[in-house]
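First up is the structure itself, then whatever we jot down about it.
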Amino acid sequence: MIRVKLLIEYDGSEYVGWQSQNNGRSVQGEIEYALRKIFNRKLRLYVAGRTDAGVHAYGQVAHFDLENTAIDQKRIFKAINFFLKERKNRITVLNSEFMKENFHSRFSAKKKIYLYKIHNRETVSHLLSKRVWHFPQKVDINKIKRATKVLIGKFDFNAFRSSNCQAKTSIRTIDEIKVKKENECIEIRVCGKSFMHNQVRIIVGTLLKIGIDQIDENNLKEILMSKDRRNAGPTAPADGLYLEKIIY
């Protein structure tokens with residue numbers, strides 16, 4: 001068997017998420033359809049991290065297993081893209097390469113970097129529709145930067161996960177949070193080994209509340225230690241979230 005690693009970019013606004021579902025088109029489903037057309041059999045994709053409906057990716061990683069074949073590893077992603085384009089998808093496979101059998105797109109990952117984009121101006125930009133969170137209120141970036149320091153480290157992040165999250169434990173480690181603003185765009189990058197359902201979006205929603213003085217920055221540690229979702233801020237919209245990079 002040959003293990004094939006794919007590097008994938010997609011606009012998630014038209015999909016029900018990464019995972020195949022019965023209620024609409026998924027990123028996984030579209031790529032598996034292309035693989036079936038190429039290899040004339042059903043092949044299953046294993047992904048580094050599932051993304052929700054509306055969430056985008058610059059550097060998603062997935063793998064599948066293939067019986068020994070004479071096909072060149074670099075031809076695979078080009079063939080996949082041919083069938084993705086045929087179905088008018090907003091998905092591009094950037095690369096394909098053969099890996100050792102012990103590689104696993106999810107379990108071999110050391111870190112994941114998520115990027116959240118906020119368009120911070122009074123008026124909506126139709127050019128950025130479904131690509132950012134439009135946030136018209138004035139934001140104090142320095143307060144947000146100071147507050148992020150509280151979240152760095154290993155903690156019980158139960159206050160920052162969806163009520164629908166099925167993870168067995170809410171203990172997670174955040175290695176780094178970077179915040180910057182250029183012109184009208186605020187970018188928040190969160191780096192860690194693994195994240196729970198909606199964790200990054202709830203962190204962003206809470207930080208934005210701090211940035212507009214609706215939550216005191218000094219109360220963030222208390223919110224974290226409470227382990228109570230009701231104390232944290234809202235879940236930021238899916239539109240602004242990108243799986244930026246998987247580090248192996």
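The values are calculated or read from the model by the stated rules, or taken from the named source; none is laboratory data. Since the structure is predicted, the reported quantities are computational estimates derived from the model, not experimental observations. Note: ideal-geometry Cβ built from the backbone for every residue, glycine included; neighbour counts use all protein chains shown.
Considering (1) hydroxyl-bearing (Ser, Thr, Tyr); (2) modelled with pLDDT under 95; (3) crowded, with 22+ Cβ neighbours inside 10 Å, the lone condition that Thr69 does not fulfil carries the number (3).
The set of residues in region 33-48 being surrounded by fewer than 19 Cβ atoms within 10 Å (Cβ to Cβ) and either in contact with a strand residue (DSSP E or B) (Cβ under 9 Å, 6 or more places away or on another chain) or within 25 Å of Ile113 (Cα to Cα) (or both) consists of Phe39, Leu43, Arg44, Tyr46. Listed by first and then second residue, the pairs linking a residue in region 99-110 that is free of Cβ contacts under 8 Å to residues at least 60 places away in the same chain and more than 17 Å from Ile8 (Cα to Cα) to a residue that is assigned to a loop (DSSP other than H, G, I, E, B) and among the polar types (S, T, N, Q), with Cβ atoms under 8 Å apart and 6 or more places separating them unless they lie on different chains, are Asn102/Ser108. Each residue in region 1-23 was checked for being in a strand (DSSP E or B) and modelled with pLDDT of 95 or more, and 9 of them qualify.
Against the definition (part of a helix (DSSP H, G or I) and either free of Cβ contacts under 8 Å to residues at least 60 places away in the same chain or hydrophobic (A, V, I, L, M, F, W, C) (or both)), how does Phe83 come out, yes or no? Against the criterion (part of a helix (DSSP H, G or I) and either free of Cβ contacts under 8 Å to residues at least 60 places away in the same chain or hydrophobic (A, V, I, L, M, F, W, C) (or both)), Phe83 qualifies.
Within region 1-26, the set of residues being crowded, with 21+ Cβ neighbours inside 10 Å, over 18 Å from the mean Cα position of the chain (by Cα) and more than 22 Å from Ile76 (Cβ to Cβ) is empty. Among the criteria (1) in a loop (DSSP other than H, G, I, E, B); (2) over 17 Å from His104 (Cβ atoms); (3) among the aliphatic types (A, V, I, L, M), the one Ala57 does not fulfil is (1). Only residues that are within 19 Å of Gln73 (Cβ to Cβ) and in contact (Cβ under 8 Å) with a residue 60 or more places away in the chain were counted in region 27-42, giving 1.
Assess whether Arg75 counts as being over 26 Å from Ile177 (Cβ atoms) and either crowded, with 18+ Cβ neighbours inside 10 Å or of a type outside the set (Gly, Ala, Ser) (or both). Criteria met by Arg75.
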